[in-house]
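What follows is a set of notes on a single structure, which appears directly below.
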Amino acid sequence: MSGMQGVEQHRMCREFPLIDREWKSEKLHVIKLTRLNGDEFVLNAEQIRFVESRPDTFITLMSNDRLIVQETVDEVVQRSVEYSRSIRSLVRAC
């Protein structure tokens, strides 16, 4: 991020803290996945308990609900890591 972008980001966080954070949380608290039938959906990444390959990819949520998705375990992990990194970068920016 360039110096000017960082200043602009900090200014927005300071001037509009609730609006800015709400927009960011809506956008970043989810990862996009695909059901076996091809339907796309978004999942709150913070609700993932663990991911397994059996050979389909099973995602177990904190509620113990299970989802089966087309993405591989590695893809789900990568998207979750990207989500986590984006949250940390927002915290540092504000």
key: Charge sum, other residues only, whose C-beta stays under 13 Å from GLN78's C-beta, Lys/Arg counted +1 and Asp/Glu -1   = -1
query = Label VAL81 and MET62 with points 7 Å out from Cα along Cα→Cβ: what is the distance between them in nm?
reply = 2.3
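Only the coordinates and a few stated rules stand behind these numbers; no lab work does. These figures come from a predicted structure and were not determined experimentally. Reconstructed Cβ throughout: ideal geometry from the backbone, glycine too, with neighbour counts over all protein chains shown.
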